[in-house]
Amino acid sequence: MDRSSLLQLIQEQQLDPENTGFIGADTFTGLVHSHELPLDPAKLDMLVALAQSNERGQVCYQELVDLISSKRSSSFKRAIANGQRALPRDGLLDEPGLGVYKRFVRYVAYEILPREVDRHWYFYRHRSCPPPVFMASVTLAQIIVFLCYGARLNKWVLQTYHPEYMKSPLVYHPGHRARAWRFLTYMFMHVGLEQLGFNALLQLMIGVPLEMVHGLLRISLLYLAGVLAGSLTVSITDMRAPVVGGSGGVYALCSAHLANVVMNWAGMRCPYKLLRMVLALVCMSSEVGRAVWLRFSPPLPASGPQPSFMAHLAGAVVGVSMGLTILRSYEERLRDQCGWWVVLLAYGTFLLFAIFWNIFAYDLLGAHIPPPP
């Protein structure tokens, strides 16, 4: 149902004859049933919640239009905050007769969203098109690049020790800072099969469900922000080191999701959440430990500095700040939130500082960087 048809129907039925700007919730619900309008059950639930937030049991006309058109607005948040008691108590786990894909959608809803009303809303309005193509495409591209370099170098573990590896035009190397694309394209290269497997697994297990719920634009922005922050942080804090791997983006996604789970612990219904949280933290810490060992204890020092681990930490910071803001804003406009602009301002300030640092600091500090391959 589009906005124009809804407006025409309300005018024809004279639901607001006195032009007060409010419509009775019961009146509108009866209109929906009598005309058999294609309205999602979750939206009817939200309509009741919106009415509950008004003393007279009415809904603001503009809020109703925003709700019908699925706009990300404060109406959704107010409905949850003020009218959640009026929503049905039945959980999605009680839904009978679901197909395989719908059961997967239900699983994603319980894995990602902390409130039952959010899970209902997502479950009923989710569409399989467009699919979560970003995380799947990035993972596939990383696997293809790794296989190509593995076959070319005849090396599948610790590829960075091969003298030809750093000659790739995708790797970030401090001697090639002027080639700006390397600050992002390094995410397609990996140290070896162990790093690729870890990143690919997390991207598919956490990134794909996040993209299904929050959309391609938001999750791709978060992932790429973590990747870019990773390489820029390395260029500031570990000036001699190169960077490879998508760990900056992966840690941005994982940190945002874990922080969201912790902050909404009581509402999360995913099974074994404590055990899974501990396992996730152990695996992420182990990966950071492996990266630290690789950076400072290379068995072949003559091969030059090994990739830095600072991208992991930078991605985690992006996840806890920008990522948490995004994940807590399900079905709301980010531009309407003050916190989002604060995060963007902080990230933009960091970008400007990092750009000036890369242009001037290396010469001013006399940094001795390894010769570019």
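The values are calculated or read from the model by the stated rules, or taken from the named source; none is laboratory data. Note that the structure is predicted; figures quoted are calculated from it, not measured. All Cβ positions, glycine included, derive from the backbone under ideal geometry; neighbour counts span all protein chains shown. These area figures cover heavy atoms from the full protein model, side chains too; ligands, DNA and RNA do not enter into them. Shrake-Rupley method; radii C 1.70, N 1.55, O 1.52, S 1.80 Å.
Summary of values
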item: Counted residues, segment 200-212 - those being crowded, with 18+ Cβ neighbours inside 10 Å and either at positive phi or without any contact (Cβ under 8 Å) to a residue 60 or more places away in the chain (or both); result: 2
item: The listed residue being free of Cβ contacts under 8 Å to residues at least 24 places away in the same chain and touching a helix residue (DSSP H, G or I) at 6+ places or on another chain (Cβ under 6 Å), out of Thr349, Thr325; result: Thr325
item: Ala311 vs. criteria assigned to a helix (DSSP H, G or I), in the same structural domain as Arg179 (by the TED database), in contact with a strand residue (DSSP E or B) (Cβ under 6 Å, 6 or more places away or on another chain) and in contact (Cβ under 8 Å) with a residue 60 or more places away in the chain; result: yes
item: Residue selected from segment 170-187 under the condition among the aliphatic types (A, V, I, L, M) and over 15 Å from Gly245 (Cα atoms), by the criterion farthest from the chain's Cα centre (by Cα); result: Ala178
item: In segment 245-281, the residues that are open to solvent by 10 Å² or more (accessible area, probe 1.4 Å) and in a loop (DSSP other than H, G, I, E, B); result: Asn264, Trp265, Ala266, Gly267, Arg269, Cys270, Pro271, Tyr272
item: Selected residue (criterion: least open to solvent (accessible area, probe 1.4 Å)) from residues of segment 333-359 that are aromatic (Phe, Trp, Tyr) and within 17 Å of Ser231 (Cα to Cα); result: Tyr347
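Residues are listed down the side, and each one gets a yes or a no for (1) assigned by the TED database to the domain that holds Gln203; (2) more than 30 Å from Glu116 (Cα to Cα); (3) free of Cβ contacts under 8 Å to residues at least 60 places away in the same chain:
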site: Lys273; (1), (2), (3): yes, no, yes
site: Gln306; (1), (2), (3): yes, yes, no
site: Ala316; (1), (2), (3): yes, no, no
site: Asp336; (1), (2), (3): yes, no, no
site: Ala354; (1), (2), (3): yes, yes, no
site: Pro370; (1), (2), (3): no, yes, no
